[in-house]
Each structure stands twice: as C-alpha cells, then as structure tokens.
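Reviewing the structure listed below.
Taken together, the values in this text are just the output of simple stated rules run on the coordinates, not laboratory data. Just so you know, these numbers come straight off a predicted model, no measurement behind them. Quick reminder, even Gly has a Cβ in these numbers, built from the backbone with ideal geometry, and neighbours come from all protein chains shown.
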2 protein chains.
Amino acid sequence: MVEGIRAVAEVPRELLTAVFCVEGFGSTEEGKAFLKEITDKAPNINVEEVATNVFKSMCDTVTPQGVLAVVKMQDFTLEDVLGAGKDTKAHIVILETLQDPGNMGTIIRTAEGAGATGIIMNSTSVDLYSPKVVRSTMGSIFRVPHLIVQDLAGTIKELEEKHGVSVYAAHLKGYRFYDELDFTGPTAFMIGNEGNGLTDEIAELATSYLKIPMEGQLESLNASVAASLLMYETHRQRK
Amino acid sequence: MVEGIRAVAEVPRELLTAVFCVEGFGSTEEGKAFLKEITDKAPNINVEEVATNVFKSMCDTVTPQGVLAVVKMQDFTLEDVLGAGKDTKAHIVILETLQDPGNMGTIIRTAEGAGATGIIMNSTSVDLYSPKVVRSTMGSIFRVPHLIVQDLAGTIKELEEKHGVSVYAAHLKGYRFYDELDFTGPTAFMIGNEGNGLTDEIAELATSYLKIPMEGQLESLNASVAASLLMYETHRQRK
C-alpha cells in the first residue's frame, strides 16, 4: 500500500495494481492533474472513488492526501542485488534485524543516492512494506534491488565465496578507519540491530572489521547514519 | 524530562534536578544498582518513589523502564557553539525549521561523534527538549553546545561577519561537490526543513553553495543523512 499523491506518482506503471481516491478528490485542481497523470501512465488502471470514512479506514497516515495505491511486491534476485547488468561492482548493505522503520527507509533512500547495487536483510528486520518504511524511502523502494532472506549467514557466505564480495562489519574489533579501506572492489557492509548491533554469529562472518571514528563520549552512531557514511565513502572512492 | 535507566545515568550531575522511580523499582537487581549509582553521583538528590499509575502518567514512552529525571536546561552561548576553549575551529550545524524529532536527535548525536562544536536552530524547529528528541540523542544533548535563536538570519550574518565562519548551504545552486571544498577553517552547514528545504531568505545568506552527489532518480537525501555526511567530511579533513 502506498499513500499520498507524490508517493503514488512515483510507483512504476508495471507495479500499479489498483488506485483508490477519496470522494471529491477528482474535483480539486491537484486531484484532477494527478488523475490525468495516472490515466496517461497506466490507462489500464481504473481509479476507484470511495467514501471518506471508507478511505480513512484504508489509510495508515492520519492526514492522507486523498489517494492510495495497491502495489505489486517486486521479485529481486541475488544477481539484481549484486548489480548484474550495471556498470559498477557490487555495493551492498546487509541489515540484521533492523527494527526502526525510519532507519530502514532512510537506508534504502540513501542507497539509491550513493549508487548502491542493493540491500539484503533477514526476515526479522522491520517489515519493508510497512507504510512508514515505504513513505520514508521517497520512492527508492521501487528502484533499489532488495532481498529478504531466511538464511542470512548462508547468504553472506555465498557473497564472499561465490561472488568475491568483501563483507565489512563496523565493530569494536575494527582497528582500521572506514576511509582507509578500499571499497572499489565488490563490497558489502553489515549493519546490525539498533539496540544490540550485529549478533556474534553474523559479525564473525565478516571478511574484515572497520571502525567509524567517534569523538566525545558517544558509543555508537545511528544505524542509518553509519550505513550512509559507508555507502558515500564507497561512492567517493568509485568516482 | 529524561526517561529510562541509561538515559538518566547519562545526565551530568549538575543538571539533575529530581529523579522519580516507580514503586518496587529499588527492589530489582538493576534498580538497586542504578539507585546506588545515582546516590553516589548526586548525593543531594532524593529519589522519589511513586505509584505505578502516577509514574505511567508522568512518562512519554509506553514502556518506561521505571525511572525518569527532571533535568535543568543548559544555557549555552554563541561562544560555546563556536568551540571557545576547544582545540578546533568552529564546526557548526544550522537547522532551519527542522520538524522530525528523530532527525533532530540524530543530528545532535552525530555532531558529537564528528566533533562538531555546536548546533544552532531557529525557534520554529521541533522542540529540542521533547522526549523523543532527548531519547534519540543518546545523551549527546548534554554534551553538544546548542542554541535556539529568534533571529536566524541575524545569527548567520554574525557568524560570517564577526567570526569569519564560512556558511555552506546544500542547494540546487551548488556546483561543487562537498568533498571538493575545504572545511578546515571555521565552517557551518545549513540544513533546512524536511519537506521544503531552506527558505530563500536563509539560503541567500550562504557564503557558498555545495552539492552532495546523488545517483538514480533521488531528489534529496534525508536531512540527518545530509548533515552527517557534511560533518564527517569535516572530521575527515581535520584529522
């Protein structure tokens, strides 16, 4: 489910399944322009108008903008996440049991900006398709290849052994700063749960450990900030 | 108001005004250890035990950890924010009408990690002392000098004209990438509202514009991610 004018407008045509708007939406200037855009983009989609109370009960946000869409989930493969067909080496973020929807959305959004090839997460991470995550990706969820895996450890081993990916963990064991390492080859970064970090089982699978410098008395950075610094350092090195 | 064992433990002694705990808190292992820590740290503070329903009504979080503190607001000056007495040049983040508590908290947290000297915000930004902001700073709010100003434009001019600070705005007008600029001198970064960015009035006061590279179809980065990239680039250059 995708809510709001801007968010629905960003859904690729082939993923749009149904669009609903609140009664009267089509008689506003903005509504009219939007419905024309949808009709032009996806002539096979019939926009259904529903009563205000029905529309409200369909929405997650308190102040919905009068339109929501049902969107097909995408089937990405590990090859997609590795960047198959793209002119860049693998640049992946691996999330273990990330819990905060805002962090998840922000990581996907930043991944697009930094040119990451994809995201892998375990199934105990926050629901990728929850409305708050979808909103905070600002449309990136439709463009950044992502994979939810049952066996995260097995997938990490496959990345390392079969695809030659260097998998880094930001970890207390790290003794090299992130901007002293070489991320120009196939690279993945592991980011753990907000409260507990990576489990030992997953952290031990890292090809190498790294650290992000921290001044003051801070013990850790926010998960999405750590991921963003690593992805943009990779972008910087590959320019 | 600061809630939770870890958060209260991070409050500097001189700012603690009162501490409340829920009935029975002192008879748990964790509670006992915590109360001893508070008594050792601030012997003048009397921890008051209150009934469960009273405690719940005092708390913002749904699952409070049984303890909360009333904390003095700090009076920082512009000199503090400029890093007076510290072995570094000014490294400031200026926030215009930032609305999301999570973004505000994350920026303050990252500011400590990146060694920024302080934060300046206008009074229409989200309440810095709201429970969600305080929680998401992870204690940094007690350590990072910050200033809420009525006249943001006037303060920016003062930074530039009186203190020789270069004030950068991430802006569409920017044609130089952030990692090509020199942030080793006194530096400030302006970050605007999540939906609308900087107002023209404030953006026009920038000493220079910069841009953060973005791949794909992304129009902008999350405000706290943009601030974090700029602060850590400054940290990297000053190492």
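For chain B, the 222 nm mean residue ellipticity estimated from helices alone, with every DSSP H stretch of n ≥ 4 adding -39500 (n - 2.57) and the total spread over all residues, rounds to -9500 deg cm²/dmol.
Counting neighbouring Cβ atoms within 10 Å and putting the fewest first, the residues B:138, B:1 line up as B:1, B:138.
Longer than 31 Å from Cα to Cα, which of B:86/B:211; B:41/B:86; A:211/A:239; A:86/A:132; A:41/A:132; A:72/B:56 are they? Say none if no pair is.
Details: B:86/B:211 29 Å; B:41/B:86 26 Å; A:211/A:239 22 Å; A:86/A:132 29 Å; A:41/A:132 25 Å; A:72/B:56 42 Å.
As for pairs spanning more than 31 Å Cα to Cα, those are A:72/B:56.
Place a +1 charge on the Cβ of each Lys and Arg in the protein assembly as shown and a -1 charge on the Cβ of each Asp and Glu, then give the dipole magnitude about the Cα centre in debye, rounded to the nearest 20.
Working: 42 positive and 66 negative charges, 112 e Å.
With only Lys, Arg, Asp and Glu charged at Cβ, the dipole is about 540 debye.
Above 22 angstrom, tally the Cα pairs of the range B:1-132 and express them as a % of all pairs, no decimals. Don't skip to the answer; put the middle values down first.
Details: 4073 of 8646 pairs.
Percent of Cα pairs beyond 22 Å in the range B:1-132: 47.
Efficiency by 1/(1 + (r/R0)^6): what FRET value for residue B:158 and residue B:127, r their Cβ-Cβ distance, R0 = 30 Å, to the nearest 0.05?
Efficiency, from the Cβ-Cβ distance: 0.80.
Relative to the longest principal Cα axis of chain A, at what angle does helix A:29-41 sit, 0 to 90 degrees, rounded to 10? Compared with the principal axis, the helix lies near 70 degrees. From the largest down, the protein assembly as shown spans 72, 52, 51 angstrom on the principal axes of its Cα atoms.
With a 10 Å Cβ neighbour count serving as the proxy for reagent exposure, in which order, fewest first, do B:235, B:163 appear? The partial results should precede the final answer.
Numbers: B:235 22, B:163 14.
The most exposed by this proxy come first: B:163, B:235.
Over every Cα atom in the range A:78-238, the radius of gyration and the widest Cα-Cα span, Dmax, amount to 14.3, 44 Å.
Divide the volume of the convex hull around the Cα atoms of the range B:2-71 by the residue count and you get 74 Å³ per residue.
Here the range A:9-37 and the range B:82-150 have alpha carbon centers that stand 39 Å from each other.
Determine the percent antiparallel among the DSSP beta bridges restricted to the range B:78-238, to the nearest 5. Antiparallel bridges make up about 5 percent of those DSSP assigns within the range B:78-238. DSSP beta bridges confined to the protein assembly as shown are antiparallel in about 25 percent of cases.
Projecting each Cα onto the charge dipole of chain B (Lys/Arg +1, Asp/Glu -1 at the beta carbon, about the Cα centre), which of B:74, B:213, B:27 comes out farthest on the positive side? It is B:27. Sparse packing (at most 10 other Cβ atoms within 10 Å of the Cβ) combined with a DSSP loop state is found for none of the trypsin sites (Lys or Arg not before Pro) in the range A:25-81. Antiparallel beta bridges, as assigned by DSSP with both residues in the range B:2-71, represent about 65 percent of the total such bridges.
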